[in-house]
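Chemist: Sharing a structure below in structure tokens format, with a few things to ask.
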Amino acid sequence: MQDGMTVGNWLEQAITAHDAGDFAGAVAAYRQFLSLTPGNIDVMTLLGDALQQSGDYPGAIAVYADALALQPENAVLQNNTGVALRHQGYLADALDCFLNAINLAPGYVDAWLNIGSVLNMQGRLEHAATAFNRVLDLEPQNPKVHVGLGNTLSRAGLFDAALTSYETALLLEPGNNDARWGRGLVNLSLGQWDTAWQDYELRFRMQAAYPFAYSRPHWRGEGFADKTLLIHDEIGYGDVFQFSRYFPRVKQRGGRVLLEVKPGLKRLFEGFPGVDEVRERGSQPQPESDFDLLVPLESLPAVFATRTDSIPPLVAPTLPDELLAAWQERLSSLPGRKVGIVWAGNPNSAYDVQRSMQLSELLPLLRAAGDCSFVSLQVGTAAEQMQQSDVAIFDASPWLTDFAETAAAIRSLDRVITVETSVAHLAGMLGTPVWVMLTKVPAWRWGVEGDNTPWYPAMRLYRQSETGDWSNVLDAVAKDLGAI
């Protein structure tokens, strides 16, 4: 114990640190307090909250569990445990905790909101709407409720109703960023980009889009002769392929362009038009002495005031001849048309369960395809599903060590059939014919209707008629594949 520190001093220090956002300091001080006064439920709750806010969800769950062992009928602890479980992706367990909370406290608004949130994430949209409407009965003037209902309506494709919910939330709380973020995503889906891009800039507050913060000024589109501009990518790999078309336009306005990308992209973008240097993102930020201005990749459409009729043309990377030759040789013995397939995205995505399918769902299409050889571009654990396939599929994954390899593989194919993944964007950027199988309400970039997209001329879109049902999509793909 520090000299002169009393139990009250430790608690005061903990709360001061917690309020200041110093979660590590708060955790240490709360633990000191509890070592002297064990079993204090209020402080155990605060300790769990601080751990959760620091990102230590397992630690938070353990502390909440110890507190619940002492006070199992504590609705707040049940709710907070559920929040930590939800962050870790344990949605069913999280829902159980939230239900426990409302059983203990039927009017517990935060627990009801969390029930709606989890049901939304599980795709149980009617049940989620019921939960949010229950909260509206309790607190009709609570903007969080209108945002939650808006999110559910948006995921259901009821965009006009979703916008009404978001606008209601903003009337109640004009600075509500959750409402603006939801409104922006809906307007992007609807193609109302003039009003959407400003709301889309809120992504840095709404999601962990980028790990570093810089003091350099953000580039707004002005000339930057004799200066260096850092462009850094954000969350998804597909976003890099989609928005790389802006790099030449950026270069036209200034001096040197430095591009920072996630691991797996550096080789693909070396020598890319409009880019002077490519660096791979590591554990440390780029030295600010190396650049004068910065712009996040996904801010480029806003910088150039992009509309649906003003999207820049595609720009493709130049692949080494020897890399292309290696893939052409690797696939040369496959007869007929060579078709790449991908059936699942990143399982860590919150909505991967909606956009991905099982290989078993795709197999009837492959069996009936006739004069085709199928090449799996699937990576990750989903690739293991090929072990149960009764259809011959060439597994390319051992060679797909970065996206330059994937690009060369795609260039060696006649077409690609995929769910909504980075491969869809990469094939689109390369100009390879690509058919993308979409959930009923996909990400904003695919719009809400139609079988084409202004982002990729060689892409055809296949949309579910009903959420979670791939049958109409697979039937249409099979028919079109047989017609070629």
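Chemist: Looking at VAL240, VAL186, which is the one that is crowded, with 21+ Cβ neighbours inside 10 Å, closer than 20 Å to ALA407 by Cβ, in contact (Cβ under 8 Å) with a residue 24 or more places away in the chain and of a type in the set (A, V, I, L, M)?
Modeler: Only one candidate qualifies: VAL240.
Chemist: Here is a follow-up. Residue by residue through segment 443-461, note down the ones that are within 25 Å of ALA196 (Cβ to Cβ) and either touching a helix residue (DSSP H, G or I) at 6+ places or on another chain (Cβ under 7 Å) or among the hydrophobic types (A, V, I, L, M, F, W, C) (or both).
Modeler: ALA443, TRP444, ARG445, TRP446, GLY447, VAL448, THR453, TRP455, TYR456, MET459, LEU461
Chemist: Of all residues in segment 319-336 being at pLDDT 95 or above, surrounded by 12 or more Cβ atoms within 10 Å (Cβ to Cβ) and not in a helix (DSSP H, G or I), which is nearest to the chain's Cα centre (by Cα)?
Modeler: Among residues in segment 319-336 that are at pLDDT 95 or above, surrounded by 12 or more Cβ atoms within 10 Å (Cβ to Cβ) and not in a helix (DSSP H, G or I), the one nearest to the chain's Cα centre (by Cα) is LEU319.
Chemist: Give the residue that is modelled with the highest pLDDT, with candidates limited to residues of segment 113-122 that are among the hydrophobic types (A, V, I, L, M, F, W, C) and more than 12 Å from VAL83 (Cα to Cα).
Modeler: LEU119
Chemist: Sticking with this one: Need at least 2 residues that are in contact with a Ser or Thr (Cβ under 7 Å, 6 or more places away or on another chain) and not assigned by TED's automatic domain parsing to the domain that holds SER397 per element, so show me which strands (runs of 3 or more DSSP E) inside segment 204-294 make the cut, counting only ones lying wholly within it.
Modeler: 254-261
Chemist: Looking at (1) at pLDDT 90 or above; (2) surrounded by 13 or more Cβ atoms within 10 Å (Cβ to Cβ), find the lone condition where GLY39 falls short.
Modeler: (2)
Chemist: Could you tell me which of the residues ALA62, ALA50 is under 29 Å from SER117 (Cα atoms), in a helix (DSSP H, G or I) and without any contact (Cβ under 8 Å) to a residue 12 or more places away in the chain?
Modeler: From the options ALA62, ALA50, the qualifying one is ALA62.
Chemist: Can I ask one more? Please work out which residue is nearest to ALA369 (Cα to Cα), limiting yourself to segment 459-470 and to residues that are at pLDDT below 95 and surrounded by 12 or more Cβ atoms within 10 Å (Cβ to Cβ).
Modeler: The extreme case among them is ASP469.
Chemist: Let me ask something else. Does TYR64 qualify as being hydroxyl-bearing (Ser, Thr, Tyr), touching a helix residue (DSSP H, G or I) at 6+ places or on another chain (Cβ under 8 Å) and modelled with pLDDT of 95 or more?
Modeler: In short, yes.
Chemist: So which residues in segment 310-367 are of a type in the set (Asp, Glu) and over 16 Å from VAL379 (Cα atoms)?
Modeler: Scanning segment 310-367 gives ASP321, GLU322, GLU329, GLU361.
Chemist: What about ALA408, is it touching a Phe, Trp or Tyr at 6+ places or on another chain (Cβ under 9 Å) and touching a residue at least 24 places away in the same chain (Cβ under 8 Å)?
Modeler: The answer is yes for ALA408.
Chemist: Still on this model: Could you count how many residues in segment 203-227 are farther than 27 Å from GLY282 by Cβ and free of Cβ contacts under 8 Å to residues at least 60 places away in the same chain?
Modeler: The total comes to 4.
To keep it simple, each residue is scored yes or no on (1) modelled with pLDDT of 95 or more; (2) within 18 Å of the chain's Cα centre (by Cα); (3) closer than 13 Å to TRP470 by Cα.
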residue	(1), (2), (3)
ASN348	no, yes, no
ARG355	no, yes, yes
LEU359	yes, no, yes
ARG367	no, no, no
ASP371	no, no, no
VAL375	yes, no, no
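Chemist: Hey, another quick one. Say we look at segment 190-212 and pick out the residues that are hydroxyl-bearing (Ser, Thr, Tyr) and surrounded by 19 or more Cβ atoms within 10 Å (Cβ to Cβ); which of these is farthest from LEU158 (Cα to Cα)?
Modeler: Ranking the candidates gives TYR210 first.
Chemist: Let me ask something else. Can you tell me which condition LYS251 does not meet? The list is (1) at pLDDT below 95; (2) under 22 Å from PRO313 (Cα atoms), and all the others hold.
Modeler: LYS251 satisfies all of (1) at pLDDT below 95; (2) under 22 Å from PRO313 (Cα atoms) except (1).
Chemist: ALA316 passes all but one of (1) assigned to a helix (DSSP H, G or I); (2) not assigned by TED's automatic domain parsing to the domain that holds ALA458; which number fails?
Modeler: (1) is the only condition that ALA316 fails.
Chemist: Further, regarding this structure: Would you confirm whether or not segment 379-395 contains a residue that is crowded, with 24+ Cβ neighbours inside 10 Å and at pLDDT 95 or above?
Modeler: There is no residue in segment 379-395 that is crowded, with 24+ Cβ neighbours inside 10 Å and at pLDDT 95 or above.
Chemist: Inside segment 357-372, can you point out the residues that are part of a loop (DSSP other than H, G, I, E, B) and farther than 13 Å from GLN385 by Cα?
Modeler: Hits for segment 357-372 are ALA368, ALA369, GLY370, ASP371.
Chemist: Would you call THR406 of a type in the set (Ser, Thr, Tyr), over 25 Å from LEU323 (Cβ atoms) and either outside the structural domain of GLU280 (by TED's automatic domain parsing) or under 23 Å from the mean Cα position of the chain (by Cα) (or both)?
Modeler: When the stated conditions are applied, THR406 does not pass them.
Chemist: Oh, and also: Are there any pairs with C-beta distances below 6 angstrom linking a residue in segment 319-338 that is over 19 Å from ARG267 (Cα atoms) to a residue that is surrounded by fewer than 12 Cβ atoms within 10 Å (Cβ to Cβ), with the two at least 6 apart or on different chains, and if so which?
Modeler: GLY336/ASP371
The values are calculated or read from the model by the stated rules, or taken from the named source; none is laboratory data. All of these numbers come straight from a predicted model, not from anything done at the bench. Ideal geometry is used to build each Cβ from the backbone, glycine not excepted, and the neighbour counts take in all protein chains shown.
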